[in-house]
Amino acid sequence: MKITYIESDGTPHMIDATCGWSIMENAVKNGVPGLLAECGGSATCGTCRIYVDADWSAKMDKPHADELALLEYVDEEDPNARLSCQIEMNEKLDGLVVRMPEKQYR
Ligand code: FES
């Protein structure tokens, strides 16, 4: 099972993903740069943002109100933005490609 994370400069990082871990956890535990994840996954920091294209987004649960509120709080305007800590890896997402912002908010 694979996830590819693409940095803002186009650098890809493909990892062997673990089901049941979040997209954030899969990145951090595999040394992918770009996701600070300062709150450890509790949806309170906004430093794990990714961008998910529509084809993949359709295979994911919709974001909860708390996730949308935090994205709004950090002034994220891209409609494809998600918090990677709030998306759990599963079989449907095998081959997932996500893009990362140039920098995360602090
Ligand atoms: S890790 Fe903090 S919001 Fe996702």
> In terms of modelled amide H atoms, which long-range or inter-chain residues lie less than 5 Å from the amide H of Val97?
Replying inline: Thr4
>> Amide H of Ser22 versus every other amide H placed in the peptide plane: which residues, excluding those fewer than 5 positions away on the same chain, fall under 5 Å?
In response: Met89
>> At a threshold of 8 angstrom on Cα-Cα distance, excluding pairs fewer than six apart, so keeping six or more, what relative contact order does the chain reach in percent?
In response: 43
> Shape call for the chain from the C-alpha gyration tensor, a ≥ b ≥ c root eigenvalues: rounded (a/c under 1.5), prolate (a/b greater than b/c) or oblate?
Replying inline: rounded
>> Given Cβ point charges of +1 (Lys, Arg) and -1 (Asp, Glu) and nothing else, what value in debye, to the nearest 20, does the dipole of the chain about its Cα centre take?
In response: 240
> If the cut-off is a Cα-Cα distance under 16 Å, which aspartates and glutamates reach Lys62, setting aside same-chain residues fewer than 8 apart in sequence?
Replying inline: Asp53, Glu72, Asp78, Glu88
> Residue by residue through the stretch 41-46, which ³J(HN,Hα) values in whole Hz follow from phi under the Karplus form 6.51 cos²θ - 1.76 cosθ + 1.60 (θ = phi - 60°), with glycine and proline marked x?
Replying inline: x, 9, 6, 10, 10, x
> Any idea of the accessible area per residue across the stretch 1-90, 1.4 Å probe, to the nearest Å²?
Replying inline: 54
> Can you give me the Cα centroid spacing of the stretch 88-106 and the stretch 1-80 in angstrom?
Replying inline: 4
>> Pick from Glu77, Glu67, Glu38 the residue whose mean-square fluctuation is largest in a GNM of the chain, springs joining Cα atoms under 10 Å.
In response: Glu77
> Once phi is turned into θ = phi - 60°, what whole-Hz ³J(HN,Hα) does the Karplus curve with 6.51, -1.76 and 1.60 give for every residue of the stretch 60-71, x standing for Gly and Pro?
Replying inline: 10, 5, 5, x, 6, 4, 4, 5, 5, 5, 5, 4
> Roughly how many percent of the accessible protein surface of the stretch 2-99 is carbon and sulfur, given a 1.4 Å probe and a whole-percent answer?
Replying inline: 48
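The values are calculated or read from the model by the stated rules, or taken from the named source; none is laboratory data. Everything quoted here is computed from the prediction, not taken from an experiment. Glycine gets a Cβ as well: all are built from the backbone with ideal geometry, and neighbour counts include every protein chain shown. Just the protein is used for accessible areas: all its heavy atoms, side chains included, with ligands, DNA and RNA removed. Shrake-Rupley method; radii C 1.70, N 1.55, O 1.52, S 1.80 Å.
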